[in-house]
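Visitor: Sharing a structure below in structure tokens format, with a few things to ask.
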Amino acid sequence: MSSLADQLAASIQALVAAAINNGELSGTAPDSIVLERPKNRDHGDYATSIALQLAKAAGKNPREVATLLQSAIAALPGVSKVDIAGPGFINITLDRANQAELVRTILSNSAKYGHGDALNGVTVNLEFISANPTGPLHLGHTRWAAVGDALGRVLKAAGANVVQEFYINDRGRQMDLFGQSVQAAAQGLPIPEDGYQGEYIKDLAKEVVASNPGISTSEDFREAAYKVQLAQQQGVLNVFQTHFDIWFSERSLHESGAVEHGLDKLREQGHVFELDGAIWLRTTDFGDDKDRVLVKENGELTYFASDTAYYINKRERGADICIYMLGADHHGYIHRLRAVSACAGDNPDYNIHVLIGQLVKIMEGGEEVKLSKRAGTIITLEELVEKVGVDAARYTLIRYPVDTPMVMDIDVLRSNTNENPVYYVQYAHARIAAVLRNVAELKIPTGLENFDPSQLTHDRENELLGTLAEYPRIVASAAELREPHRVARYLEELAGVYHGFYADCRVLPLGDEAVGPIHSARANLCAATMQVIANGLSLLGVSAPERM
RNA sequence: GCGCCUGUAGCUCAGUCGGAUAGAGCACCUGCCUUCUAAGCAGGUUGUCGCUGGUUCGAUUCCAGCCAGGCGCGCCA
């Protein structure tokens with residue numbers, strides 16, 4: 001499904017190519033042409049600067065080039081007017097009735113409207129959160145829980161086969177400390193130095209002892225507490241509407257021989273060497289600032305060895321693209337992970353993509369809440385949801401690009417005002433639902449057979465249609481750039497445009513006014529808008545309420 | 001020292017194939033509900049887009065160098 005703008009852009013591209021072929025223009029035709037939606041409404045429905053770009057090679061001034069293309073563009077189907085403005089911009093105004101056909105497209109595609117095929121046949125492994133199973137998920141994980149899940153939905157909408165995966169670090173020193181900490185708490189002994197101090201350890205200890213009478217060794221405590229803690233994380237993520245297809249255990253990686261297999265594969269590729277009794281991967285061949293140890297002098301595997309094997313494992317399980325979502329404190333991993341990909345014989349520019357999320361600060365009562373494990377002021381995902389609800393938390397976390405540090409203001413998120421954009425968007429949806437309930441009650445005919453696009457000629461209707469038409473491009477770019485926040489920002493714009501339409505364009509008949517085609521047309525336009533808002537919110541994992 | 005990220009209105013932040021007069025919300029004023037959800041709409045005020053150069057018809061956007069802030073640089077996990 002290609003949008004009207006895409007079709008138009010392709011047609012114009014063909015016109016340019018033709019002009020060059022028949023000698024009207026010199027130079028080379030661009031592969032594609034960008035049609036943008038002008039900020040200024042006087043500049044038409046779409047605009048392109050193609051004439052300015054072609055001018056130099058053509059040896060003509062930009063306005064001449066634009067003039068050359070003008071009449072041919074005006075003759076394209078659906079175009080009503082073409083103006084040349086400023087230094088040579090081509091401003092295109094669409095035929096309004098033709099544009100309104102979009103309502104049919106949206107309503108007949110319903111939940112599929114906006115989906116694309118850019119990633120058809122591509123399998124994407126999306127790994128995020130990947131916390132240690134040694135405690136509750138906290139704010140640092142929360143951003144990824146929301147953004148990662150939303151990105152997964154966006155990638156699926158672009159046609160990808162997405163595997164959302166959580167890597168459980170259930171092996172190594174942290175797990176042992178965790179077991180010892182729970183054991184100490186259960187036995188009334190002091191928690192070991194470097195151990196886990198939180199109150200939750202005591203709760204875990206009680207629960208473990210209650211369900212495992214006679215438990216005594218730290219290994220048993222570790223295993224029992226691990227199960228409980230992991231289940232707790234899974235439960236919270238479930239409440240947070242964050243789905244994982246695979247919970248991948250680091251232990252299983254070792255037990256299955258995948259680590260050895262990964263090392264073999266790297267050896268075959270010739271980037272492994274020995275030095276000082278250790279086994280190294282020559283990541284400096286591919287941009288890392290130092291080589292990395294895989295097997296220590298004492299024979300133990302490093303954590304890096306697991307990471308490496310895990311990457312290879314993902315690829316062998318069918319992932320074409322492995323996306324990693326890491327916290328800012330792990331940004332040092334970018335180079336080495338990309339180097340791993342290259343060392344395994346892959347193309348790091350395609351097969352691996354590392355996203356780094358900056359930190360989230362939290363404000364409450366006008367003050368920043370300092371997060372400290374020691375002081376016990378860690379905010380967990382569970383607490384955040386209790387405070388502000390799933391929708392507000394998810395939406396707020398998603399609406400900012402991940403590479404900006406963000407501040408969450410708890411008081412704002414709790415408020416039912418415009419400061420809280422999720423309500424602005426949801427309100428538009430609920431408002432439409434209310435209108436459509438009234439439409440049904442008044443028996444205004446709404447089927448597409450009753451839809452007359454030529455009724456929709458008001459500026460507000462035109463603006464709304466134009467915004468609805470943008471949705472597929474937004475989804476496609478969000479997927480391509482791995483930036484789900486674009487969907488949220490778009491929905492805010494769409495909601496605003498709808499509210500403007502609503503203020504100026506009455507949907508229901510007033511007073512004794514007879515029901516006519518205008519009412520049916522607007523009701524369908526409302527339904528189409530509601531569909532797009534619902535589609536967008538579902539990509540964010542945020543509910544679309546019928547009533548508020 | 002090296003690397004990643006950030007610097008846009010009083011505050012929180014949008015703005016990637018370089019485009020026309022740089023946007024939104026909040027805050028501060030002014031209007032709009034005896035018929036669709038006022039959690040809304042319309043209007044007003046706010047800017048050396050960190051600084052300096054470069055690339056060109058044109059730069060908040062691309063490049064280089066500075067300045068400021070955050071974070072990271074283990075045979076730790």
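Visitor: Working carefully through the options A:Tyr167, A:Tyr196, find the one that is open to solvent by less than 20 Å² (accessible area, probe 1.4 Å) and either touching a strand residue (DSSP E or B) at 6+ places or on another chain (Cβ under 8 Å) or farther than 30 Å from A:Glu316 by Cα (or both). Walk me through how you get there before you give the answer.
Guide: Numbers: A:Tyr196 fails: open to solvent by less than 20 Å² (accessible area, probe 1.4 Å).
Step by step, each of A:Tyr167, A:Tyr196 is checked, and only A:Tyr167 is open to solvent by less than 20 Å² (accessible area, probe 1.4 Å) and either touching a strand residue (DSSP E or B) at 6+ places or on another chain (Cβ under 8 Å) or farther than 30 Å from A:Glu316 by Cα (or both).
Visitor: Identify all residues within segment A:441-453 that are farther than 10 Å from A:Asn524 by Cα and in contact (Cβ under 8 Å) with a residue 40 or more places away in the chain; write none if there are none. Spell out how you get there, then give the answer.
Guide: If we filter segment A:441-453 for residues that are farther than 10 Å from A:Asn524 by Cα, which is where we start, we get A:441-444, A:449.
A:Leu442, A:Lys443, A:Ile444 - these are the residues of segment A:441-453 that are farther than 10 Å from A:Asn524 by Cα and in contact (Cβ under 8 Å) with a residue 40 or more places away in the chain.
Visitor: Go through segment A:482-506 and report how many residues are farther than 25 Å from A:Ala392 by Cβ and either in a helix (DSSP H, G or I) or open to solvent by less than 10 Å² (accessible area, probe 1.4 Å) (or both). Talk me through it step by step, then tell me what you get.
Guide: Here is the first cut: in segment A:482-506, the residues farther than 25 Å from A:Ala392 by Cβ are A:501, A:503-506.
Cutting the leftovers down to either in a helix (DSSP H, G or I) or open to solvent by less than 10 Å² (accessible area, probe 1.4 Å) (or both) gives us A:501, A:503-505.
Adding up the residues that qualify gives 4.
Visitor: Taking only pairs six or more apart or across chains, which ones have beta-carbon atoms under 7 Å, a first residue in segment A:454-476 that is within 18 Å of A:His499 (Cβ to Cβ) and outside any loop (DSSP other than H, G, I, E, B), and a second residue that is open to solvent by 10 Å² or more (accessible area, probe 1.4 Å) and among the aliphatic types (A, V, I, L, M)?
Guide: Pairs that qualify, where the first residue is within 18 Å of A:His499 (Cβ to Cβ) and outside any loop (DSSP other than H, G, I, E, B) and the partner is open to solvent by 10 Å² or more (accessible area, probe 1.4 Å) and among the aliphatic types (A, V, I, L, M), are A:Glu463/A:Val497; A:Leu464/A:Val497; A:Leu465/A:Leu102; A:Thr467/A:Val497; A:Leu468/A:Leu102.
Visitor: Turning to a different aspect of this structure: Closer than 28 Å to A:Ile321 by Cβ and touching a residue at least 40 places away in the same chain (Cβ under 8 Å): which single residue out of A:Ser538, A:Ser520 fits that description? Break it down stepwise before answering.
Guide: On the way: A:Ser520 fails: closer than 28 Å to A:Ile321 by Cβ.
Matching residue, one of A:Ser538, A:Ser520: A:Ser538.
Visitor: Kindly indicate the residue of segment A:423-444 that is near RNA strand B (Cβ under 8 Å from one of its atoms) and among the charged types (D, E, K, R) and also surrounded by the most Cβ atoms within 10 Å (Cβ to Cβ) among those meeting that condition.
Guide: A:Arg431
Visitor: Another question, if that's okay. Quick one: how many residues across segment A:4-35 are outside any helix (DSSP H, G or I) and polar (S, T, N, Q)?
Guide: Applying the first criterion (outside any helix (DSSP H, G or I)) to segment A:4-35 yields A:22-35.
In the following step, the residues that additionally are polar (S, T, N, Q) were identified as A:22, A:26, A:28, A:32.
Residues that pass the stated criteria total 4.
Visitor: May I ask you to say which residue of A:Ala97, A:Ala111 is over 30 Å from A:Val236 (Cα atoms) and open to solvent by 10 Å² or more (accessible area, probe 1.4 Å)? Working first, answer last.
Guide: Working: A:Ala111 fails: over 30 Å from A:Val236 (Cα atoms).
Unique residue meeting the criteria: A:Ala97.
Visitor: Residue by residue through segment A:504-517, note down the ones that are of a type in the set (A, V, I, L, M, F, W, C) and touching a residue at least 12 places away in the same chain (Cβ under 8 Å). Working first, answer last.
Guide: The first filter runs over segment A:504-517 and keeps only residues of a type in the set (A, V, I, L, M, F, W, C), leaving A:505, A:507-508, A:510, A:514-515.
Within segment A:504-517, A:Cys505, A:Val507, A:Leu508, A:Val515 qualify.
Visitor: Go through segment A:232-283 residue by residue and tally those that are open to solvent by 30 Å² or more (accessible area, probe 1.4 Å), touching a helix residue (DSSP H, G or I) at 6+ places or on another chain (Cβ under 6 Å) and among the aliphatic types (A, V, I, L, M).
Guide: 1
Visitor: Out of curiosity, is A:Ala344 crowded, with 19+ Cβ neighbours inside 10 Å, over 15 Å from A:Asp264 (Cβ atoms) and more than 16 Å from RNA strand B (Cβ to nearest atom)?
Guide: no
Visitor: Right, something else. For A:Gly135, indicate whether it is in a helix (DSSP H, G or I) and within 14 Å of RNA strand B (Cβ to nearest atom).
Guide: no
Visitor: Pairs under 7 Å by beta carbon, first residue assigned by TED's automatic domain parsing to the domain that holds A:Ile201 in segment A:224-240, partner aromatic (Phe, Trp, Tyr) and surrounded by 15 or more Cβ atoms within 10 Å (Cβ to Cβ), six or more apart or different chains?
Guide: Every condition considered, the pairs that remain are A:Ala225/A:Phe178.
Visitor: Does any residue of segment A:268-290 turn out to be among the polar types (S, T, N, Q) and not in a helix (DSSP H, G or I)? Don't jump to the end; show me each part of the working.
Guide: Just the residues of segment A:268-290 that are among the polar types (S, T, N, Q), to begin with: A:269, A:283-284.
Narrowing further to those that are not in a helix (DSSP H, G or I): none.
Scanning segment A:268-290, I find no residue that is among the polar types (S, T, N, Q) and not in a helix (DSSP H, G or I), so the answer is no.
Visitor: Can you name every residue in segment A:36-69 that is open to solvent by 70 Å² or more (accessible area, probe 1.4 Å), more than 9 Å from RNA strand B (Cβ to nearest atom) and in a helix (DSSP H, G or I)?
Guide: A:Arg41, A:Arg63, A:Glu64, A:Thr67
Visitor: Among the numbered criteria (1) more than 14 Å from RNA strand B (Cβ to nearest atom); (2) open to solvent by 40 Å² or more (accessible area, probe 1.4 Å); (3) out of contact with any helix residue (DSSP H, G or I) (no Cβ under 7 Å at 6 or more places or on another chain), which one does A:Ile20 miss?
Guide: The number of the failed condition is (2).
Visitor: A further question on this structure: Within segment A:302-324, is even one residue over 24 Å from A:Ser256 (Cβ atoms) and either in contact (Cβ under 8 Å) with a residue 24 or more places away in the chain or out of contact with any helix residue (DSSP H, G or I) (no Cβ under 8 Å at 6 or more places or on another chain) (or both)?
Guide: Pass one, segment A:302-324, residues over 24 Å from A:Ser256 (Cβ atoms): none.
Within segment A:302-324, not a single residue is over 24 Å from A:Ser256 (Cβ atoms) and either in contact (Cβ under 8 Å) with a residue 24 or more places away in the chain or out of contact with any helix residue (DSSP H, G or I) (no Cβ under 8 Å at 6 or more places or on another chain) (or both).
The values are calculated or read from the model by the stated rules, or taken from the named source; none is laboratory data. Since this is a predicted model, take the numbers as computed values, not measurements. Cβ sites come from the backbone with ideal geometry, for glycine too, and all protein chains shown count toward neighbours. Ligands, DNA and RNA are stripped out before the accessible areas are found, and what is left, the full protein with its side chains, is counted by its heavy atoms. Shrake-Rupley method; radii C 1.70, N 1.55, O 1.52, S 1.80 Å.
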